[in-house]
1. Kindly write out, for the range 45-58 in residue order, the coupling ³J(HN,Hα) from the Karplus curve 6.51 cos²θ - 1.76 cosθ + 1.60 (θ = phi - 60°), rounded to whole Hz, with x marking Gly and Pro.
2. Take peptides 101-114, 47-60, 71-84 and line them up by average Cβ neighbours within 10 Å, highest first, as a rough protection proxy.
3. Along the charge dipole of the range 19-151, Cβ charges K/R +1 and D/E -1, which of Ser136, Phe35, Phe47 sits furthest on the positive end?
4. Sorted from largest down, what three extents in whole angstroms do the Cα atoms of the range 29-149 have along their principal axes?
5. Place a +1 charge on the Cβ of each Lys and Arg in the range 27-151 and a -1 charge on the Cβ of each Asp and Glu, then give the dipole magnitude about the Cα centre in debye, rounded to the nearest 20.
6. What percent does the relative contact order of the range 77-129 come to when contacts are Cα pairs within less than 8 Å and at least six residues apart?
7. Which of the residue pairs Lys57/Lys151; Lys57/Lys105; Lys57/Lys116 have a Cα-Cα distance greater than 30 Å in the structure shown?
Amino acid sequence: MAAKKRKSIKKPTGRAKRPRSTKPKATTVEFDHLFIGATSFGTSWDFWTRVMGLEAKSKWGNPEYAGTVALGSGSVTVAQGEEGAYDELGYEVRNGRPQLYLRTKDVDALHNALAKRGANILRAPLTTHYGARCFSVEGPDGMVVVITQAK
């Protein structure tokens, strides 16, 4: 029987390892919300609140046509009557085809990083009519990803 080789044990060098920074980089992204255009707000609202059991956060419109439910640290927003071109962010809303919203600390830095990596930029960074700094990219199979700056 062959003798087992012993693993060499590294001796401490006396230098402590520097702890990794827990501060997010400017190009780090996290989930913000999912936007879903709906043919029937009532049916969609029932699905997300009653069927899926998510907590209702807000509804708006008269009559009500949109609302937001909590999902982890983010949310799902459903809206009826929003189908069509959304020129401001360079994409088209189609019922049942969600847009993924991610947030970052620095929209411009992330835009530059994604452009260098070859992302298909739909709309360069801009400040929207509702005051958010955003840009949008096209993901696989035409999925729209909107990057918004954390407040």
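What follows draws every value from the coordinates through simple rules; no lab data is involved. Remember, predicted model here, so these are calculated numbers, not experimental data. Virtual Cβ from ideal backbone geometry, glycine too; neighbours counted across all protein chains shown.
1. 4, 4, 4, 6, 8, 7, 6, 7, x, 7, 6, 5, 9, 6
2. Values: 101-114: 18.8, 47-60: 12.9, 71-84: 16.9.
For the peptides 101-114, 47-60, 71-84, the packing ranking is 101-114, 71-84, 47-60.
3. Comparing the listed Cα positions along the dipole, Ser136 ranks first.
4. Principal extents (largest minus smallest coordinate, Cα): 43, 28, 28 Å.
5. Details: 12 positive and 14 negative charges, 63 e Å.
My answer is approximately 300 debye.
6. Numbers: 26 pairs, mean separation 16.4, N = 53.
Here the relative contact order equals 31 percent.
7. Details: Lys57/Lys151 19 Å; Lys57/Lys105 24 Å; Lys57/Lys116 38 Å.
From the list (Lys57/Lys151; Lys57/Lys105; Lys57/Lys116), the Cα-Cα distance tops 30 Å for Lys57/Lys116.
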